[in-house]
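Quick notes on the structure that follows.
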Amino acid sequence: MRSHIMFCPMVRLVSACVGARPLPFTPAYTSSIANSSGGAVMVQNDHYEILAAKTEYREAYNSGDLDCLLNVFAAQFTDCSDGEPSFDGEEAVRALRQRVRELFQRFRVEMVVIVIDVVVKGNFAYDRGWHKVRLISKDTGRIADTKYRYFETWAKQSGTWKIDYIITNKELPPQMLSEEDGDSNAAVTTGSQTIA
């Protein structure tokens with residue numbers, strides 16, 4: 001399976017990253033600055049650097065490289081992953097290491113990352129999107145597919161962007177809304193129960 005990172009502002013595909021190296025992004029993701037001799041110097045901006053770090057994140061899962069994965073995170077971060085207890089600081093690093101080590105022992109992972117938006121404000125940034133995860137059991141070959149929504153904050157530390165907060169939750173099936181907001185006869189679904 002070919003793995004991708006897609007950046008989709010307003011759900012419009014701008015670029016994809018394939019393999020361990022991101023493909024060049026559109027000119028919107030590079031900046032021109034004038035050097036002292038008046039020539040233009042192309043520099044990668046913060047959006048590109050965060051997307052490149054998301055490529056490392058994805059490839060760490062796809063290659064089973066725990067150290068590479070941990071390198072994308074800050075030395076102390078907050079982890080609020082779906083189905084797991086929340087951890088902060090150094091405990092988050094230990095919990096992620098233990099959880100992912102066990103995951104890699106039991107499964108081959110195939111991840112696709114879909115980035116909806118990246119917002120940068122100085123040395124702080126956030127991104128959001130989906131992680132599509134396929135787990136293939138090393139024992140049975142059984143396949144499980146799950147799609148997670150995610151939200152991350154990033155901190156620029158010593159010139160490098162690192163994830164310092166992550167929250168994920170499983171994507172739910174789409175739901176049709178009633179035609180009228182004030183329809184008191186509309187049924188409401190909560191979990192597996194329908195309330196009329």
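Note on the range 105-188: Kirkwood hydrodynamic radius from all Cα pairs is 16.0 Å, rounded to one decimal. In straight-distance terms, cross-link reach from K170 covers every one of the aspartates and glutamates whose alpha-carbon lies under 19 Å from its own, apart from those fewer than eight places away in the same chain; here that gives D79, D82, E84, E110, D117, D127, D145, E152.
Extension gain, K170-N123: 0.36 nm per intervening residue step, less the Cα-Cα distance, totals 14.0 nm.
Read the figures in this text as sums done on the coordinates, not as results from a lab. Just so it is clear, the structure is predicted and the values come from calculations on it, not from any experiment.
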